[in-house]
Amino acid sequence: MGEFVLTDVRLFTGGADLTGHSNKVEISSEVDDKDTTNYASQGWKEILGGLASAEIAGGGQWEAGDPGLVDDHSWATLGGVGPWSIGPRGAAVGSLAYFTKALRADYKLGDAVGEVAPWEGTAKSSWPLVRGQFIHPPGTARSTTGTGTSVNLGAVSAGKRLYAALHVLSAAGTTPSITARIQSDDAPGFASSTTRLTFDSATSVGGQILRTDGTAITDDWWQVAWTITGTTPSFMFATTLGIW
């Protein structure tokens with residue numbers, strides 16, 4: 001029996017929230033199988049895993065006229081690489097997230113007369129497809145320096161990496177600037193937090209994705225913190241975090 005119906009999928013790419021203009025998104029990942037069968041294989045094929053890849057395919061209703069809308073964003077990023085984050089069950093803090101750094105590989109629009117104008121697009125991974133969580137929701141405006149809700153994501157073992165994506169969805173005010181950081185601690189109170197990743201300061205809509213260097217991190221609690229400057233600044237952003 002199915003567990004749930006897809007009614008609240010969230011789709012973010014760079015600084016665009018395509019949720020309200022999307023009605024389909026598919027995530028796939030695969031590993032190449034390499035045949036190593038030999039005379040000692042006793043009549044059975046032997047396989048080794050080769051290169052891994054992931055792909056995101058989406059589509060929905062076409063709209064243009066703003067950097068956060070699908071047509072403007074697609075033309076601006078076609079052939080470019082940036083963060084994609086998908087929430088199958090919404091984007092509240094702690095909600096499941098799949099995200100990656102991906103190449104915007106193609107963009108398709110248009111249909112027959114009388115049809116609702118559609119769009120379709122594909123992104124192909126440059127980094128692993130990470131299964132993690134949203135740690136900052138897209139619908140909360142921030143105008144002052146602060147920290148988000150802490151989540152227990154777990155420790156990062158040696159050879160693994162912490163991945164984080166930031167989608168700045170709106171920026172308002174005079175000379176607004178936001179610098180977001182990913183912090184860890186061994187307790188939810190964050191009395192002795194350590195900054196693990198720092199995004200570049202952002203003054204307009206856009207996306208960034210970062211990862212650690214593979215060194216083990218024993219802390220298991222995580223949060224996003226941000227510094228905001230400017231005159232009457234206001235930002236809307238979403239952040240995803242995961243270990244792979």
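Just a few scattered comments:
- Positions within the range 220-232 being surrounded by fewer than 17 Cβ atoms within 10 Å (Cβ to Cβ) and either outside any strand (DSSP E or B) or aliphatic (A, V, I, L, M) (or both), in sequence order: Asp220
- Within this structure, Ala216 passes the test of being within 20 Å of Val156 (Cβ to Cβ), among the aliphatic types (A, V, I, L, M) and over 21 Å from the mean Cα position of the chain (by Cα).
- Top-ranked residue of the range 189-213 - restricted to ones that are in contact (Cβ under 8 Å) with a residue 40 or more places away in the chain and under 17 Å from the mean Cα position of the chain (by Cα), ranked as farthest from His136 (Cα to Cα): Thr212
- Residue in the range 233-243 that is open to solvent by less than 40 Å² (accessible area, probe 1.4 Å) and outside any strand (DSSP E or B) present: no
- Taking the conditions (1) open to solvent by 30 Å² or more (accessible area, probe 1.4 Å); (2) under 13 Å from the mean Cα position of the chain (by Cα); (3) of a type outside the set (Gly, Ala, Ser) in turn, Val93 satisfies each one other than (2).
- Failed condition for Leu48, given (1) in contact with a Phe, Trp or Tyr (Cβ under 8 Å, 6 or more places away or on another chain); (2) surrounded by fewer than 11 Cβ atoms within 10 Å (Cβ to Cβ); (3) not small (Gly, Ala, Ser): (1)
- Of all residues in the range 205-219 being open to solvent by less than 30 Å² (accessible area, probe 1.4 Å) and not in a loop (DSSP other than H, G, I, E, B), the one that is nearest to Leu162 (Cα to Cα): Ile217
- Top-ranked residue in the range 1-24 [being in a strand (DSSP E or B) and open to solvent by 40 Å² or more (accessible area, probe 1.4 Å); ranked as nearest to Ala171 (Cα to Cα)]: Asp17
- For the range 210-244, the tally of residues that are within 17 Å of Thr100 (Cβ to Cβ), in contact with a Gly (Cβ under 7 Å, 6 or more places away or on another chain) and either aliphatic (A, V, I, L, M) or modelled with pLDDT under 95 (or both) stands at 2.
- Filter pass, Ser177 being among the polar types (S, T, N, Q), touching a Ser or Thr at 6+ places or on another chain (Cβ under 8 Å) and under 15 Å from Gly14 (Cα atoms): no
- Residues in the range 163-193 that are in a strand (DSSP E or B), hydroxyl-bearing (Ser, Thr, Tyr) and buried (at least 20 other Cβ atoms within 10 Å of the Cβ): Tyr163, Ser184.
- Looking across the range 194-204, the residues that are assigned to a loop (DSSP other than H, G, I, E, B), among the polar types (S, T, N, Q) and either touching a Leu at 6+ places or on another chain (Cβ under 8 Å) or open to solvent by 70 Å² or more (accessible area, probe 1.4 Å) (or both) come down to Ser201, Thr203.
- Summed over the range 96-126, residues that are among the aliphatic types (A, V, I, L, M) and buried (at least 22 other Cβ atoms within 10 Å of the Cβ) total 3.
The values are calculated or read from the model by the stated rules, or taken from the named source; none is laboratory data. Keep in mind the model is a prediction, meaning the values are calculated, not measured. Neighbour counts are summed over all protein chains in view; Cβ atoms, including those assigned to glycine, are modelled from backbone coordinates with ideal geometry. Just so you know, the surface numbers come from the protein's heavy atoms only, side chains and all, with ligands and any DNA or RNA stripped out. Shrake-Rupley method; radii C 1.70, N 1.55, O 1.52, S 1.80 Å.
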